[in-house]
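Colleague: The structure that follows is given in the form of structure tokens.
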Amino acid sequence: RHSLQGVLGRAALALAVTVSLPYNCFMPRQGLMYLVYTCFPSKSENKTFDNVLHYISTAGIAVSVVVLALLVNDLGATFEIIGGVSACTIAYIIPPLLNLKLSPGWFTTNKIASVIVLMCGLFIFCGSLGATIYRIVTQGS
């Protein structure tokens, strides 16, 4: 239990988590800052406000991640939700949307096929998420 390898492994894991925290907070913080600056545009060049917002958003993201981690009981259901949402979005929703946006023309066979794939992707997305949520709710009661 208190072997040298175990202590070194725990120390390495703690160091890896500590060092990776700023990288893990970068994308959510950028999205949050973009949302704040889009909804509430600022005319002034106030660096203090930017720094305070930066630290508050980083702390809020870190605290929310810890709270969510403490609330999760079933890691398998979490992976099902993440897998269903990300796989459907990456494979079936984003490519047709990009094709619809970037393709010239109005009613072409390419755009009709993109709409069909998009509708199927949204159906699979809702079905996967709904089945997972149904399983969680019926299993919990």
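The values are calculated or read from the model by the stated rules, or taken from the named source; none is laboratory data. Small disclaimer: the values here were computed from a predicted structure and weren't measured. Note that we place each Cβ from the backbone using ideal geometry, even for glycine, and neighbour counts take in every protein chain shown. The protein model used for the area step is the full one, side chains on, heavy atoms only, and it has no ligands, DNA or RNA in it. Shrake-Rupley method; radii C 1.70, N 1.55, O 1.52, S 1.80 Å.
Colleague: Points 7 angstrom from Cα along the Cβ direction at Tyr55 and Val137: gap in nanometres?
Modeller: Taking the simple label geometry, Tyr55 and Val137 are separated by 4.3 nm.
Colleague: Something else: Considering only protein heavy atoms, what is the solvent-accessible area of Phe40 at a probe of 1.4 Å, reported in Å² to the nearest 10?
Modeller: It works out to around 150 Å².
Colleague: Sort Arg10, Arg29, Arg135 by heavy-atom solvent-accessible area, probe 1.4 angstrom, most to least.
Modeller: Largest accessible area first, the list is Arg10, Arg135, Arg29.
Colleague: Using only protein heavy atoms and a 1.4 Å probe, report how much of His2 is accessible, in Å² to the nearest 10.
Modeller: Roll a 1.4 Å probe over it and His2 shows about 150 Å².
Colleague: Rounding to the nearest 20 debye, state how big the charge dipole of the chain is about its Cα centre with +1 on each Lys and Arg Cβ and -1 on each Asp and Glu Cβ.
Modeller: Charge dipole, the chain, about its Cα centre: 120 debye, nearest 20.
Colleague: Still on this structure, please answer the following. Please give the helix 4-39 orientation as an angle from the longest Cα principal axis of the chain, in degrees from 0 to 90, rounded to the nearest 10.
Modeller: Tilt relative to the chain: about 40 degrees.
Colleague: ³J(HN,Hα) across the stretch 96-112 via Karplus (A = 6.51, B = -1.76, C = 1.60, θ = phi - 60°), whole Hz, x for Gly/Pro?
Modeller: x, 4, 5, 5, 5, 6, 9, 7, x, x, 10, 10, 9, 5, 5, 6, 5
Colleague: Additional query: Of all the C-alpha pairs in the chain, what % are more than 27 Å from each other?
Modeller: Of all Cα-Cα pairs in the chain, 53 percent lie more than 27 Å apart.
Colleague: Could I ask something else about it? Under a crude label model (7 Å from the Cα following the beta-carbon direction), how far is Ile116 from Ala87 in nanometres?
Modeller: The two pseudo-label positions are separated by 2.3 nm.
Colleague: Relative to the longest principal axis of the C-alpha atoms of the chain, give the angle of the C-alpha long axis of helix 75-88, reported between 0 and 90° and rounded to the nearest 10°.
Modeller: The answer is roughly 40 degrees.
Colleague: When the chain is modelled as a GNM with alpha-carbon springs shorter than 10 Å, which of Gly105, Gly127, Gly60 fluctuates the most?
Modeller: Ranking Gly105, Gly127, Gly60 by mean-square fluctuation puts Gly105 first.
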